[in-house]
Structures are given as C-alpha cells and as structure tokens.
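Visitor: First the structure, then my questions, so here it is.
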Amino acid sequence: MRLQRSPALAAVLIIITCVCAFYTTAAINIPLEIEQPPTITAQPPSSLIAFPFDESFPMTCEAKGNPRPEFRWTKNGQEFNHSVDPRLMKEENSGTFVIPNNGNLTEYQGTYRCYASNTLGTAVSQEVEFIVSNEPKFPKETLDPVKVDEGQPFILKCDPPTGIPPLQIYWMTINMQHIQQDERVSVGLNGDLYFSHAVEKDSRTDYCCFASFPRIRTIVQKTAMSVHVKPTNAILERRPSLLTPPGVQSEKQLVKGDDLELECIPEGIPTPKVEWVKIGLGLPDGAEVENHGKLLIIPRADQKDSGKYMCKAKNPLGEAVHYFTVTVEEPPEWVSEPQSQLSMIGTDVLIKCSARGTPEPSITWRVNGVPLKDSPAANRRIFDDTIIIRNSKASDSAVYQCEASNRHGSLLSNANIMIRNLPPMILTKDGEGYFAVESRGVTLHCNAFSSPPSTITWSKDDSSESVEGSRFKIHDDGSLEISRAEKSDAGQYTCLAKNTEGSSNIDAMLYVKDATRIVVTPEDQQILKGSEALLSCLAEYDESFSHDFELVWEKDDIEISFNDTVNLRYFVEDSVLHIVNVSHGDQGVYRCVARTPVDQDEASALLMVLDVPDAPENLVLSEHRGRSVKLTWIPGDDHNSSITDFIIEYEENKWEMGKWRELLRVSRNQNSAVLRLHGHVEYRFRVYGVNSVGAGPPSKPTEMYRTPPAAPDKNPENIKIEGHLPHEMDINWEPLLPIEHNGPGLEYKVSYRRQDVEEEWTEHTVKRHSFVVKNTPTFVPYEIKVQAKNNQGWGPEPRIVSGYSGEDFPSTAPDDVAVEVMNSSVVKVTWTPVHKDKLRGHLGGYRINWWRLRSLVDSKKRHGDKHMLTFPGDRNHATVPGLTPFSEYSLIVMTFNGRGNGPGSHPINFKTPEGVPEKNPVFRVTDVQRHSISLTWTPPSEPNGILTGYLLEYQLINGTEEVGALQTIDINNPKTSKWVLRDLEPLSKYKLYLRSCTTKGCGPVVSEECTTDLETSLASVHGGISTQGWFIGLMCAIALLTLIVLIACFVNRNKGGKYSVKEKEDLHPDVESQGMNDDTFCEYSDNDEKPLKGSQHSLSREIKAGDSGDSLVDYGDEDAQFNEDGSFIGEYGPRKEKRVSAEIKAPVQTPA
C-alpha cells in the first residue's frame, strides 16, 4: 500500500533521517562471532539454459550467518524440496544442488528461488529461470511452386522455428551456394527472402532457408522451394511500394543497450533506392546503413535515440515512405539500494529503496522472505520508498527484501537490520608487532566492532595520555597512522575502544628500522650480442636484518631464478649480475630489488642488445622494363642500431654462378630501388642491411630475372701505350667483364694515328685485349681509341687517349760536368742537361757514378768500389755525400729514360780535403801499478789526413758523482803508440780517453777505465795473459795468416787486366749490362764519447763538429729520392733500370 506524502510528514521524515544517520552504521561487515541474520554470498544467474552438450547444471545458493543458515527452494512460487529428489546432487551445509543432464530435463524447467534462514531472519536470492531448450525443427511440409510474372514482386517465406537466440538466417541452394543479394534481392529481419521484381534468372527449384542457433550449435533446413518466372513481352515501370513494413507508420520498442534495427524493403521498377532520416534531427553518430540501404542499425541504443524515423524508397516514377516511432526503454536500475544496518535499541531505523527504469519499476517489500503486509509490525511505517522502524527493539532485527521490477527485468536486494547494543569487540590480534622504516609512515591497526560505535584512543608505553602531534592520526576505522617515523617512536602502543556498553583494549609493539637503500644502481646499457653484460647493484639496510636481507633481480617484472637450468648464463657475483653471451632475448628492463621484512628499495636499468640487422623480407621484383627492374623489400629488425645502408647484391648464372657481387647501395630510408642491368644475363638479387655493428645476413634471393641482349654500354678502360722496342707500339687495355658484354660476339676496334702529322685513322678489329703497331718511328706521339661491339651493335663513341711509340737509349751524355767540393765528405756536381731531341724517350732523370782512386796519405792508386746515385726528373745539379776525406775520386754523369741509360760524360777527377781521423781501433791498459798505468793503442785505420799526434786525457772517478779534474796530455809524435801515466793515487779508479788528431781537429774518442793497485807487484787488470810469452806467439801467428789471406785476395782481384783498363770501362759503361749489381755505400759513423761531469779543461786542438761531420742537409739536393729508412734511392752502386711504360686511363687525353 502506497501512502501520499504530506509536507508535514516530509519534514518529520527529514528529522528522523538525520537522527538515524547519527546512530546507524550503514553497509556494515559484522564479524561472524556475533549473532546475525543470513547474508546471501552466492546465487545463480537470472537464467540458466540447459544446453544439450553440458554434463550438469548447478543451482547455486550460498549464505553466511550466525547461527548457520538453513536453505530451502521454491519452484514457480511453490515449495521445492530438492533434498528428496535422488537424481539431484546436493552439497552439505550448502543450498546448492546440481541437475544432471540425464536426458530428462523438461520436468525441471521453471523459475527457482533460494531462501537462507536462521533464528534472526531469512535472506532471499533472485529468481533464476531454468530453460530447457527443445531442438528447433522446420515442419515437414510440401510447398507448392511459386509462380510469378516477370517484373512482379514476390516473397519466399522462411518462418524459422523458435529456439535459443541469437538466430541467424541463410538462403542457399541445395548445393550450399548462397543466394546472391543486391538492391533487388534481400533477406529481411524476419528471415523472408524479398524480390523487388522478378527476372527470368530467378527461376530455380532449390531455394532453401537455413536457420542457425549458434548457442546450441544447431542448423536446420527448410524444405526447398521452387520459383517459376513467366516471361512477358513488355515489363512496365511502376512507382515504389514497401514489401515490409506494411502501412505508413509503426512503433518500435527496445531495451537500452540493444541495437536498434529498422527495415524498409521496397518493390518497383526500376529498383527503388532507400533513404533514412530522423525527424527533426540528423541520424545519430555511429548509425550504419546495411543490406544495400534497406536496413538502418544504431548500435547500443539509449534514450537519446528515441524519436521518429522515416524511410523513403524512390525511383524515377515516385516514392514511398514509412514512419517509425522508436521508444528506448530501460530495465530497473538502483537509485538507492537498501543497506544492511546495525542500530542501537530505541533508535529509529530508515530503510530506503528506490529504482528507475522505463517503464517505471514497481517496488515490492518483503521481510524475511514474506510480503510486508503478511508480517505486520506496530512500529513500522512505509513512506513512499522508505520504511521507518520507530523506537526499534531487538526483536525488530530481520532481513528486509526490496525488489524493483518492470517488463524488462527485476532487481532484488537484501538488507540485514540488526537492533542490538554491543560492548566493543576488537577484532585485531593483541600483541601484534609492527616494523616501521625511519622517515616513512606506518599504520597500527585496531579494528573494533560495537553498538553504538566506539571511541578509539591510542597511548604509548603505559602512558594514560593519548598520543599527540602532527605526525599522529587516528582514522575512522580505529587505526593509528604515524607519518615520518623516528627512532624514538619505537615502543609499546595501546589501543582503547570504549562505548556506553563497555571498553576493550589491545597492545601493539612498534620497531623502527633503518631504511633499505640502493647506493649503487644499475645503469642503462647498450651491448653487443654475444658479449657479457654487467649490472651492478649495492644496497645498505638495517643491520638487524642481516639474515633476512635478500637481493632479487627481475627481468621485465619476472624474477630471475638462478637455479633454473634455463638461466645458466645468469649469475650474481659481488653484487653484480653477469649475463654471459648476451642474446636478443636478454633485452629488457632489469630491476634490482633490495628487500628486508619491512621495506624494500629498487632500481632498474634498460639493457638494449645491439646486433647486425636481420635479413630483409618479402623481396618483390616489379616494373619489368627489359634491362631495368624495380626491387622492393621490407627491412628486418635493426636491433637498436639504426640501419645506415642497404646493399643490393646480384648473382648471375653464366660466368660466376654462386658468386654474389655488390650492385647498388641505397640509404636507410629507402626500401626500394630501380636496378640498371646488363643485357643477356640471368640475375638473382638479394639485400642485406648495414648498421654501426656491422653487416647483417642477406635476404632470401629473388626469382630469376633475364635481360634481353643489347649493344655494349661501355668501352674498354685503362688503355696503356707501351714501347718495348724502338719501332713498335704496344696497346693494351682492360677487357670488358663477361657480364658487360651485353650479348654474344664481343670484339674490339683499335684505331690509331700520329698526333704530330695529319693522317687518317688506321683501324683493326681484334678479339683479344692487346694490339702491337709495327714499324713506328721512335718516340712519336699517337692518338688511340678502342671501341667495343657485339652482335647487337657498337658500344658508345670511344674517348681518345694519347701515348708514344717505343723509346730508344739516349744518344748523348750531359755536357759541362763540374765538381765543387763542399767539405771533406760532400761535393756538388753540376752539368748541362741533355736536349730533349737526344733523349729519344721520356726523361727519367740523371745518374752519377763515382769511385775512389786513392787515399792522399799515400801515393798508391787503389780502384775503389763504384757507387751510384739516381736523381729523377729534369735537373742540372746534384749533391754527392758520404765521401772519404783526403782522397782522390773520379766521377761521371749520364741521363736515362724508359729504355735505359745513355752514355756517360767524360770522367772528372777531384780531391777531398783533410778531415778528422776515425776512432782508434785499439786502446787498452797493458800494466797497472800503485802510482802508474801503462797504455797502448793503434793508429786509426782511416786517418783522413796527415796525423799530427794524439790527445790523451784522464780523470779520477772513484764511483762518486763528483769526479776529479780532467788532465790533458798532448802527444805530438804521430808514431807514438804507448804511454805511461805516473803520479797517480793508489787504489783509485780512473777514466782514460784517447783521440787521434790531424790539422783539421781530433776525431772521436775511445775510453777505458782502470783502478791502480795497492802493491806495486800486482799485475794490471787489463794485462792478464797478454804478457805471457805463449799468448804473444799465438797472436803473431794469427796476424801472419791474416796477411797471407789479404795478399791472395788482392792478387785475385787484379788478375783480369791492368788497372787502367778497368778505369776505362768505368768511364764508358755498357748500357745493356750496366746496373746488374747493387753495391752498398757505407756511411761514415761517428761514435763520440764525451768526458764525464766535472771536467774542467777543454781539449787542446779540439775542432768544432761542423769541421769533421759534414751534413747532407747542409749540402744535399732537395730533389734526391730517399727510401723509407732515409737511405738514397738507387743506393751507391749501379742499378739496372726497368722499362718505363706510359699508362693512360680512358678519360685522359694527354700523355701520361
């Protein structure tokens, strides 16, 4: 019964609502330790379909309560005792039962509801409809053929059987071929097949309608129908009319969330076209037109899609319209769902239940499953959508049900109303320990249950005062939150819950620990595949957790198990994660988690694996144009290193099968290229990518592509013109590669003519890649060109190159040869260059030959080894270094070309001035006494002048840094070879120096060290066995044998003729045989040894280094050629010159 709400009553209701809100706890979760009515925890869906392929069908009903609930069921509003049916499967202490699929399910079909009851009330489940589907079937029937005149409309009825939706209709032939649908033929929403007008091809005997029920996996077929179209001589056009829907207006109702489907199927000739509009507004966003314009679909329609729609069918003769009035309705939806409540005795209780929907839902109240009117209560009143229980008592505790229903469904809600006064019950465990991390928050729990609600206070360490401060906060659920915990916060906390019925308390211990912190974090890395990755992670944590701390590594949020055989390449050592032989699968985000029982810290790093690019895929050849084709591909993965280039390679199967060569290189932003190809070749292509890591693997090759033959695209290159003989000219060139032939029958046309006179081209056709022109003048310029041809024609016009015919030896020697002595070891040679007409070839340069005649120390001539220096290019002077001082030399100059050396000039004799002597080969101590040292030496092998004497120096050293003064003895007799130093300190170490001298200065120093004896009878440390008689005899015998060997060598050397003949040969060398031996010039070596630190006196008669050591830098020629080690090109001896050839590349038209 619904009462009208008066304004006064509404005011009273507002006051009661406020009061109840103060004393009521909504949406409570009552502990099962407290007596309470049942609460449904599991229930079946609103409908349960018995599909034939399911084994069983559970009817679920579970509930909680104290005392434990008992269950019962109703079926179609009548009691249903499921426990007495032996075919049903039951569960103990549960309301659930299971209907087995034993083939006889029809008797169980119906609407069920579960009730869970105990002494405090009854909870009710929502209704569930158990649907047993029958197998859908078309009736067996005999259908008469449909006869229709050509041009007339007709409809084939389907009339599908009922079944579990959704239903899908297909029209096919008996051979399972779909009936083609278009603007003239279409299937309607009801499954019928509509023909706007008949045509002759519509005649057939096997129109079949198939109905598909996918939820029950069933397809059924209707009896085939026949159609016979009678042709007519004249088909008249007619204006449109609608085959469906009938009339001009209809209504359409649907539930919110369903798809709105409006259909208009017209007939007429010509076939009409259908348009859709919404009156007053445009079609909604998302509207779709299907079935050739005959079906309007608005997915998931809602209230805004309600309204008036119109379809219009038009052809040239007119139009037909139909209006749809669309109403979108809604099933019930809660506006205010009733909530379970725990209220104090004597308070007023409000239970509110309201819902919305279209049409407006009706509200039904029940208490403990019984209609409210069948369970009256004096203190209970209904005000519109609210129940008020005034001055509630414990006996008013019950389960209230509110059900909202309309034709589209229903909603059911249970509200447990408990009227009780309860002292506080703290549900949190007493003595709980909590761990906090310094500077972070922590929450201590105190979950209390009572009626009326309890007041919660927290105290610390047996203090009666409540904890205070901005860091402490007590929440509504009783928990204590401590922000930014400090070490001083550690201790025992007490939670006290208190209300009018009593109080309760629990204790909790708080421990404050140091925070866990990662101090060395892993860093992002890019690493090559196959190498080893190292990720570091070092953490600090509270020392009390030394046995509970763990360091965990995760990859992409999955923990790495180091004991797993799959992860054998992963191991941790000294807080470093090692990943051995990194592969692509190792790429990802690695997280290091440092964890204690109370907190954790984490840090992550991205590991990117670099590798060469994967092979490109899907190579396609297109745009075939004879000798060009377009190649496209899809790039492979670049593996974190951008591709810089794509390399296109080719393989041809005629000359180098199996060998891949580079054809083209394209940039990274291209995935296609047009390939320019040679003719008469079968190609295959492949592509690979290149990045900073390297070149990736090639793609799979394409199919073969054959090009047609063509004339050559190019002519030979690198044409060389050489003259091996004076009256011949050899022409050589690089032949075209086989792939460059472009077709069979390759030949070369060689054309030449003299450049210095007017004459026609002389032509020869050859198959080889060389040609010799006979009977040419010596060294004259020619123009040459070489052109390729094959059976398809000539190559492009060749370019002209220039060269010379064969060279001959130069015919004359340089004139006016002169020598200027620069110092004791260097001379400058000048000459007049040979005229170019006498060169008879390309000038190679000039050569200087020289040899030592004698030393000026004695008058005997000794023909020394011949030396040679080569100076390339056109020049008129050169510098000859490395001469022996105080000697007489002879010298000639000649020029050379590609053929060889010309004649030598007249010999020029010259003398070098004195220099300083070479080092003394022998300098030793022969006797050592207490106060004296005896010395002996031999003169230098090359005095480089007239010896004037020796400079002997000595000083005391005794192994200390500061040494004695340098003492000097000037020996003026060059024949002296012995000396005794006297008045020396006994048992002292001396350093001895000796130098040979000429008028130009003293030569390099030789030195010895010696220590004076303590006793005069002791022998010198350098004397040794040298003073023994047998040793002196042995040395004399060795000297005699050496002298005999030297005499024999000298005699053998001069055996061939007199010295003057040999000298004449040197002056006029044979150009055909000269240069067969390379003699090495031996440079003068100066190994100076300087006096030790502390020397006070300068050496007497000492000459500056510049007087005795002449430098090639000072006197040399800058154009002289040197080897890498600094020696002169050609060395100091004759050398055979190679023939010089003129090599000219095709583009060059000037002589090389």
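Visitor: In this model, which of LYS654/LYS774; LYS654/LYS767; LYS157/LYS294 are farther than 28 Å apart at the alpha-carbon?
Guide: In this structure, LYS654/LYS774 exceed 28 Å between Cα atoms.
Visitor: As a quick test, which of the pairs LYS201/LYS230; LYS836/LYS866; LYS230/LYS273; LYS860/LYS911 have an alpha carbon distance above 21 angstrom in this structure?
Guide: LYS836/LYS866; LYS230/LYS273
Visitor: Scattering from the C-alpha atoms of the range 455-604 alone, worked out with Debye: what is log10 I(q)/I(0) at q = 0.17 1/Å?
Guide: Scattering profile of the range 455-604, log10 relative to I(0): -0.95.
Visitor: What does the convex hull of the Cα atoms come to per residue for the range 720-805, in Å³?
Guide: Cα convex hull per residue, to the nearest whole number: 90 Å³.
Visitor: Just how much of ASP815 is accessible, in Å², when a 1.4 Å probe is used and the result is rounded to the nearest 10?
Guide: Around 90 Å² of this residue is reachable by solvent.
Visitor: Taking all pairs of distinct Cα atoms, average 1/r, flip it, and tell me the Kirkwood hydrodynamic radius of the range 302-384 in Å to one decimal place.
Guide: 17.8
Visitor: Shifting gears a bit: Whole-Hz ³J(HN,Hα) for each residue in the range 524-531, computed from phi via Karplus 6.51 cos²θ - 1.76 cosθ + 1.60 with θ = phi - 60°, x for glycine and proline: what do you get?
Guide: 4, 9, 10, 9, 6, 4, x, 8
Visitor: Take the eigenvalues of the Cα gyration tensor for the range 923-1012, scale each by 5, and report the square roots as semi-axes in whole Å, largest first.
Guide: Result for the range 923-1012: semi-axes of 25, 14, 10 Å.
Visitor: Give me the aspartates and glutamates in straight-line cross-link reach of LYS147: C-alpha distance below 16 Å, same-chain residues under 8 apart excluded.
Guide: GLU200, ASP202, ASP206
Visitor: Which whole-Hz ³J(HN,Hα) couplings does the range 208-214 yield from phi under the Karplus relation 6.51 cos²θ - 1.76 cosθ + 1.60, θ = phi - 60°, glycine and proline marked x?
Guide: These are the phi-based 3J(HN,Hα) values: 10, 9, 10, 10, 10, 10, x Hz.
Visitor: Follow-up question, since we're still on this one. Using modelled amide H (1.01 Å from N, peptide plane; none on Pro or chain starts), what sits under 5 Å from the amide H of ASN421, excluding residues fewer than 5 places away?
Guide: Under 5 Å from the amide H of ASN421 lie the amide H atoms of ILE345, each far enough along the sequence or on another chain.
Visitor: Leaving ligands, DNA and RNA out of it, work out the accessible area of CYS114 with a 1.4 Å probe and give it in Å² to the nearest 10.
Guide: Its heavy atoms expose roughly 0 Å² to the probe.
Visitor: Report in % the part of the accessible area of the chain that belongs to carbon and sulfur, leaving out ligands and nucleic acids; probe 1.4 Å.
Guide: 49
Visitor: When the helix-only estimate is applied to the chain (DSSP H runs of n ≥ 4, each -39,500 (n - 2.57), divided by the residue count), what is the mean residue ellipticity at 222 nm, nearest 500 deg cm²/dmol?
Guide: Per the formula, -1500 deg cm²/dmol.
Visitor: Now for a separate question. Can you give me the Kirkwood hydrodynamic radius for the range 146-329, using every pair of distinct Cα atoms, in Å to one decimal?
Guide: Taking the inverse mean of 1/r over all distinct Cα pairs, the range 146-329 comes out at 17.7 Å.
Visitor: Given H placed on each backbone N at 1.01 Å, which residues far from TRP733 in sequence or on other chains put an amide H within less than 5 Å of it?
Guide: HN-HN under 5 Å from TRP733: LYS720.
Visitor: Which order, highest average first, do 838-846, 159-167 follow once you tally other Cβ atoms within 10 Å for each residue and take the mean per peptide?
Guide: Packing proxy ranking, top to bottom: 838-846, 159-167.
Visitor: Grab the eigenvalues of the alpha-carbon gyration tensor for the chain, scale each by 5, take roots, and send me the semi-axes largest first in whole angstrom.
Guide: They are 117, 62, 24 Å, listed from largest to smallest.
Visitor: So, one more: Let me cross-check HIS678: its accessible surface, 1.4 Å probe, with only protein heavy atoms counted, in Å² to the nearest 10?
Guide: Its accessible surface works out to 50 Å², give or take rounding.
Visitor: If you don't mind, another one. Tell me, what ³J(HN,Hα) does each residue in the range 185-196 have, in order and in whole Hz, if you take phi through Karplus 6.51 cos²θ - 1.76 cosθ + 1.60 with θ = phi - 60° and put x for Gly and Pro?
Guide: 10, 7, 9, x, 5, 7, x, 6, 9, 9, 10, 4
Visitor: Find the accessible area per residue for the chain; the probe is 1.4 Å, ligands and nucleic acids are left out, and the unit is Å².
Guide: Roughly 52 Å² per residue, with all protein chains present.
Visitor: Heavy atoms only, probe 1.4 angstrom, no DNA, RNA or ligands counted: give me GLU135, GLU888 ranked by accessible area, highest first.
Guide: Result, largest first: GLU135, GLU888.
Visitor: Can you put TRP794, TRP761, TRP831 in order of accessible area, largest first, using a 1.4 Å probe?
Guide: Order by accessible area, largest first: TRP794, TRP761, TRP831.
Visitor: Can you spot the aspartates and glutamates whose alpha carbon is less than 12 Å from LYS393's alpha carbon? Ignore those fewer than 8 places along the same chain.
Guide: ASP348
Visitor: Report, ordered by chain and residue number, the lysines lying within cross-link reach of LYS989, taken as a straight Cα distance under 29 Å and ignoring same-chain residues fewer than 8 apart.
Guide: Partners within reach: LYS919, LYS975, LYS978, LYS1090, LYS1093.
Visitor: Considering amide H positions built from the backbone, and no H for Pro or chain starts, which residues 5 or more places from ASN368, or on another chain, come under 5 Å of its amide H?
Guide: Amide H neighbours of ASN368, under 5 Å, 5+ apart: THR122, VAL399, TYR400, GLN401.
The values are calculated or read from the model by the stated rules, or taken from the named source; none is laboratory data. Everything numeric in this text was worked out from a predicted model, so none of it was measured. Because the Cβ atoms are built from the backbone with ideal geometry, glycine has one as well, and the counts that use them run over all protein chains shown. Just the protein is used for accessible areas: all its heavy atoms, side chains included, with ligands, DNA and RNA removed. Shrake-Rupley method; radii C 1.70, N 1.55, O 1.52, S 1.80 Å.
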